[in-house]
Amino acid sequence: MGFGLLASKAVRPTSRLLLSSQNPTIFLRTIVSKPQLCNPEASAAQPAQPPPVDLPPRTPLAGARVHFSNPDDAIEVFVDGYPVKIPKGMTVLQACEVAGVDIPRFCYHSRLSIAGNCRMCLVEVEKSPKPVASCAMPALPGMKIKTDTPVAKKAREGVMEFLLMNHPLDCPICDQGGECDLQDQSMAFGSDRGRFTEVKRSVVDKNLGPLVKTVMTRCIQCTRCVRFATEVAGVQDLGMLGRGSGEEIGTYVEKLLTSELSGNVIDICPVGALTSKPFAFKARNWELKGTETIDVTDAVGSNIRIDSRGPEVMRIVPRLNEDINEEWISDKTRFCYDGLKRQRLNDPMIRGPDGRFKAVNWRDALSVIADIAHQVKPEEIIGVAGKLSDAESMIALKDFLNRMGSNDVWGEGIGVNTNADFRSGYIMNTSIAGLEKADVFLLVGSQPRVEAAMVNARIRKTVRSNQAKVGYIGPATDFNYDHKHLGTDPQTLVEIAEGRHPFFKTLSDAKNPVIIVGAGVFERKDQDAIFAAVETIAQKANVVRPDWNGLNVLLLHASQAAALDLGLVPQSEKSLESAKFVYLMGADDVNLDKIPDDAFVVYQGHHGDKSVYRANVVLPTAAFSEKEGTYQNTEGCTQQTLPAVPTVGDSRDDWKIIRALSEVAGVRLPYDTIGAVRARIRNVAPNLVNVDEREPATLPSSLRPSFTQKVDTTPFGTVIENFYMTDAITRASKIMAQCSATLLKK
């Protein structure tokens, strides 16, 4: 049967002509007479028909809310007889979703451009001669849409039959099985049998790198991955080759997928053509237990779901949060999970006279630490909180060392002169979602693509939609959107502040200008002068107004915002060189060469990373996937992790270890539960207790004292050398090592 005949059968209603059984050449014609035509006077005397009853409004799909920016632009359409009010410009498919009707689709995705090439979303529209593709048809006032008619059902069955014609019967061995759109929609909207008996075509698999596995014979050419790579990720790596049945997705030349967001094509692929290479053949999705938590590999705090089976984390997938990460996550977030089971610390250990570690019980380890802590002077005690530390452990460490007489506790990545008095001076005041309203960006010493991939995705989205201009001061780097490289050192910043640089006019003419300062500035000696120059630009270019705050700092680490809120700032530059007792709580990027040889070093962490080699005592702790902890992201939104898997070996939560140590040392901390620790946090930084809320800064950073210090001529440096290896978890990950070797050639 030809394609044309099959398609016409799929969409053409059954003929009303009746064929006589006696004589096949004679057609019978039925004549119908209406009573109104026979007796018009009697029909006129009949009472008028009652008006139609108002149907109750339907609930939109997935609890979606419709926002009317202008109430006058609302139009009314009818979906299966139900009246629905929608904003002008919505498509027929979106109108059906508002009406609570689920329309099948493969190529349509709400965050990508409309392709209209899978034809699965066909619906019937009154006065239209044939079914229309609802994803590409704009809804018009008074439009009557029918989604459940025989014509629409037959059309969908025909489309599904074509899609399955060349699709292999791989479901038993396909990793998408159980969460596959093609499976679900063929069951719900497809026919119960197919008529194709020819040989199916096959396609050669492509090598897209160490993260994405391809089985291109399963591809249905929906082009979601092509549009995602081009529009969201900003790389022109994927495209469509060939025509007709020879059409296939691929790279134009043999090339790996080099984007830091490449793993998201796994989620948006509706079939099993693109799946996770590290997760291949490991588990079925119905065997997994999902735990909703947050990511700690950067300061964005992307919302994720950890899927585990027993004691092992099997995979990490994104969770929808419009204000932070939308529905994307970076490759580092998605694939670092295998580092959670490698190089883990299981037991407390003490280094013996021979330099080897010996496993001991908790009582012995804490007793040794307490004895040494009492033997040194209070001013020689130092505490450093690592990149992955939660707020509970940081307040416990600060309280413990304060009771021991020391006030020298700081967080990694926070320099000596960092001003922690004004929150507006170290958070993203515009908010991540608020960046979409900007029309000009000035990036100062910040490379968002490697420092915070999800913030970079927002900037790219804004550049595409608003044609926003981007100016960048810093070392030459690779952006995935158009930008102007203004210079490499702070002198360019001074020129803009004095109005001598052409980019100053661009900032001044902007409606919503945004300045983003990289957190690498915190570790520069001239950070006060740089922030003074930025404040001057903000005042002159009207960056901070009552209705708009475009002055932002993009932090690097998950613990940084909470550490600054809790006041973990170093007291002096030389404090580490004069220390005799150093407490490293997950701090692996401290300059160990500065620590004196006779200093006693305690390392409390979950991985055997860099600092373990210098430690005298090692205390094992729980990773973020094994504990309940509070984190604050770069925009000041407080979120919490939840335990997905049990702890490894004899490890404990960070704050519990410090609480036990305080009792052994005779300076008992006054909290025994996590609720009591959070009550203590409320006294110091109340915003850290309001979970899932973004607490804006109340005082502007312009209130800070002015500085007359000159900026240093040293160029801004690259803060992150290797995107895939930034902390203890990612450095322990085999997948991240493969990415580093194949994609970055490091």
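The values are calculated or read from the model by the stated rules, or taken from the named source; none is laboratory data. These numbers were taken from a predicted model, which means no experiment stands behind them. Ideal geometry is used to build each Cβ from the backbone, glycine not excepted, and the neighbour counts take in all protein chains shown. Ligands, DNA and RNA are excluded from the accessible area calculation, which covers all protein heavy atoms including side chains. Shrake-Rupley method; radii C 1.70, N 1.55, O 1.52, S 1.80 Å.
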Worksheet entry | Some residue of the range 354-365 being assigned by the TED database to the domain that holds Pro596, crowded, with 21+ Cβ neighbours inside 10 Å and touching a Leu at 6+ places or on another chain (Cβ under 6 Å) | no
Discussion item. Being touching a strand residue (DSSP E or B) at 6+ places or on another chain (Cβ under 9 Å), in the same structural domain as Asp181 (by the TED database) and not in a loop (DSSP other than H, G, I, E, B) is the requirement here; does Ile306 meet it?
Written reply: no
Discussion item. Just to be sure I understand, how many residues within the range 634-664 are assigned to a loop (DSSP other than H, G, I, E, B), crowded, with 20+ Cβ neighbours inside 10 Å and hydrophobic (A, V, I, L, M, F, W, C)?
Written reply: 2
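Matching residues to (1) modelled with pLDDT of 95 or more; (2) out of contact with any helix residue (DSSP H, G or I) (no Cβ under 6 Å at 6 or more places or on another chain); (3) part of a helix (DSSP H, G or I); (4) over 29 Å from Ser465 (Cα atoms):
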{"position": "Ser110", "(1), (2), (3), (4)": "no, yes, no, no"}
{"position": "Gly116", "(1), (2), (3), (4)": "no, yes, no, no"}
{"position": "Arg119", "(1), (2), (3), (4)": "no, no, no, no"}
{"position": "Phe162", "(1), (2), (3), (4)": "no, yes, yes, yes"}
Response to the item:
Apart from one, (1) over 23 Å from Val711 (Cα atoms); (2) among the hydroxyl-bearing types (Ser, Thr, Tyr); (3) open to solvent by 10 Å² or more (accessible area, probe 1.4 Å) all hold for Thr477; the odd one out is (1)
Worksheet item: If you scan the range 559-607, which residues turn out to be open to solvent by 10 Å² or more (accessible area, probe 1.4 Å) and β-branched (Val, Ile, Thr)?
Response: Val569, Val590
Worksheet entry | Condition met for Gly194 (part of a loop (DSSP other than H, G, I, E, B) and open to solvent by less than 30 Å² (accessible area, probe 1.4 Å)) | no
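Residues checked against (1) among the polar types (S, T, N, Q); (2) at pLDDT 95 or above; (3) in the same structural domain as Asp181 (by the TED database):
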residue	(1), (2), (3)
Phe228	no, yes, yes
Val235	no, no, yes
Glu247	no, no, yes
Thr251	yes, no, yes
Ile294	no, yes, no
Fill in: the range 301-328: number of residues that are closer than 21 Å to Phe279 by Cα, among the acidic types (Asp, Glu) and within 10 Å of the chain's Cα centre (by Cα)
1
Worksheet item: Tell me, which residue of the range 401-458 that is of a type in the set (Phe, Trp, Tyr) and in a loop (DSSP other than H, G, I, E, B) is surrounded by the most Cβ atoms within 10 Å (Cβ to Cβ)?
Response: Tyr426
Practice prompt. Starting from residues that are assigned to a strand (DSSP E or B) and either aliphatic (A, V, I, L, M) or more than 24 Å from Gln185 (Cβ to Cβ) (or both), keep the ones in the range 139-156 and report whichever is least open to solvent (accessible area, probe 1.4 Å).
Written response: Ile145
Discussion item. Where the second residue is outside any strand (DSSP E or B) and modelled with pLDDT under 95 and the first is farther than 24 Å from Asp347 by Cα and small (Gly, Ala, Ser) and lies in the range 613-642, which pairs have Cβ atoms under 6 Å and are six or more apart or on separate chains?
Written reply: Gly636/Ile427; Gly636/Glu695
Item to complete: With respect to Ile324, determine if the residue is outside any strand (DSSP E or B), modelled with pLDDT of 95 or more and among the aliphatic types (A, V, I, L, M).
Response: no
Item to complete: Have a look at Asp331, Asp298, Asp267 and point out the one that is under 15 Å from the mean Cα position of the chain (by Cα), open to solvent by 50 Å² or more (accessible area, probe 1.4 Å) and not assigned by the TED database to the domain that holds Arg458.
Response: Asp267
Discussion item. Tell me yes or no: at least one residue of the range 350-364 is within 25 Å of Val296 (Cβ to Cβ) and of a type in the set (Val, Ile, Thr).
Written reply: no
Worksheet entry | Pairs, first over 15 Å from Leu274 (Cα atoms) in the range 245-258, second not in a loop (DSSP other than H, G, I, E, B), C-beta under 8 Å, six or more apart | Glu247/Met240; Glu247/Leu241; Tyr252/Gly239; Tyr252/Leu241
Discussion item. Residues that are of a type in the set (D, E, K, R) and at pLDDT below 90: does the range 657-665 have at least one?
Written reply: no
Worksheet item: What's the number of the condition Val66 fails, among (1) open to solvent by less than 60 Å² (accessible area, probe 1.4 Å); (2) modelled with pLDDT of 90 or more; (3) not in a helix (DSSP H, G or I)?
Response: (2)
Item to complete: Among the residues of the range 304-326, write down those that are crowded, with 21+ Cβ neighbours inside 10 Å and without any contact (Cβ under 8 Å) to a residue 24 or more places away in the chain.
Response: Ile316
Worksheet item: Looking at the range 451-496, which of its residues are aliphatic (A, V, I, L, M) and either over 20 Å from Ala438 (Cα atoms) or in contact (Cβ under 8 Å) with a residue 60 or more places away in the chain (or both)?
Response: Ala452, Ala453, Met454, Val455, Ala457, Ile473, Ala476, Leu493, Val494
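Here's the yes/no breakdown for (1) open to solvent by less than 40 Å² (accessible area, probe 1.4 Å); (2) touching a strand residue (DSSP E or B) at 6+ places or on another chain (Cβ under 9 Å); (3) assigned to a helix (DSSP H, G or I):
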{"position": "Leu507", "(1), (2), (3)": "yes, yes, yes"}
{"position": "Ile516", "(1), (2), (3)": "yes, yes, no"}
{"position": "Asp528", "(1), (2), (3)": "yes, no, yes"}
{"position": "Ala532", "(1), (2), (3)": "yes, no, yes"}
{"position": "Val553", "(1), (2), (3)": "yes, yes, no"}
Discussion item. Of everything in the range 96-118, what is surrounded by 18 or more Cβ atoms within 10 Å (Cβ to Cβ), more than 26 Å from the chain's Cα centre (by Cα) and without any contact (Cβ under 8 Å) to a residue 60 or more places away in the chain? Give them in sequence order.
Written reply: Cys96, Ala99, Val101, Ile103
Worksheet item: Are any residues in the range 715-746 among the aliphatic types (A, V, I, L, M) and open to solvent by 20 Å² or more (accessible area, probe 1.4 Å), and if so, which ones?
Response: Val719, Ile720, Met725, Ala737, Ala741, Leu743, Leu744
Worksheet item: If you go through the range 334-349 one residue at a time, how many are outside any helix (DSSP H, G or I), of a type outside the set (Lys, Arg) and buried (at least 17 other Cβ atoms within 10 Å of the Cβ)?
Response: 4
Item to complete: Taking Gly209 as the residue in question, decide whether it is in a loop (DSSP other than H, G, I, E, B) and either among the basic types (Lys, Arg) or under 30 Å from the mean Cα position of the chain (by Cα) (or both).
Response: yes
Practice prompt. Scan the range 596-624 for residues that are closer than 23 Å to Gly520 by Cβ and more than 37 Å from the chain's Cα centre (by Cα) and jot them down.
Written response: none
